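Comments concern the structure below.
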Amino acid sequence: MLKLSKTIEYALISINHISQCDQDTPISVKKISKKHNISFELLAKILQKLSKAKILKAIQGPKGGYKLNDKYKNFTLIQLIEILEGPFGITGCLTDHDCEQISKCNIITPVERINSQVYKVFNEIKLNEIT
């Protein structure tokens, strides 16, 4: 089954949550975590990565939190996936070149075609279209 990971789901939920809030007020990890029943520690790590990638802006201090960076609208779903999880591949052999089966694999060509099409679709979806 092809599905988005919890990490990607939580990132999208957070981006959507922040986009629906007052853009002048930083939103805390705690607030998002409580509202959407997401582990605080996991969400904090996800939002830190998004901040480092310039999707979010981190605001320090007691009333700090996260705001959307204006550039987030330019990011695609595939970029979000690769920021949080590394290279995109629907099978391990497409991202891990140490696969022992690759030289004898009889499905690599169709799998590569499928991967390419899924990548293309995900690369055409901007984050602001999801939020």
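The values are calculated or read from the model by the stated rules, or taken from the named source; none is laboratory data. If you're wondering where the values come from, they're calculated on a predicted model, not measured in any experiment. Positions of Cβ are generated from backbone atoms using ideal geometry, with glycine treated the same way; all protein chains shown enter the neighbour counts. Keep in mind that these areas ignore ligands, DNA and RNA; they rest on the heavy atoms of the full protein, side chains included. Shrake-Rupley method; radii C 1.70, N 1.55, O 1.52, S 1.80 Å.
Tabulated data
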quantity: Condition met for Ile38 (open to solvent by less than 80 Å² (accessible area, probe 1.4 Å), closer than 21 Å to Ile130 by Cα and assigned to a loop (DSSP other than H, G, I, E, B)); calculated: yes
quantity: Lone unmet requirement of (1) assigned to a helix (DSSP H, G or I); (2) crowded, with 17+ Cβ neighbours inside 10 Å; (3) touching a Leu at 6+ places or on another chain (Cβ under 9 Å) for Lys73; calculated: (2)
quantity: Selected residue (criterion: least open to solvent (accessible area, probe 1.4 Å)) from residues of the stretch 41-70 that are among the basic types (Lys, Arg) and more than 19 Å from Asn128 (Cα to Cα); calculated: Lys45
quantity: Residues of the stretch 7-19 that turn out to be open to solvent by 40 Å² or more (accessible area, probe 1.4 Å) and without any contact (Cβ under 8 Å) to a residue 24 or more places away in the chain, as a count; calculated: 1
quantity: Any hit, the stretch 98-107, residues being open to solvent by less than 90 Å² (accessible area, probe 1.4 Å) and under 27 Å from Ile15 (Cα atoms); calculated: no
quantity: Test result for Tyr119, open to solvent by less than 30 Å² (accessible area, probe 1.4 Å) and in a helix (DSSP H, G or I); calculated: no
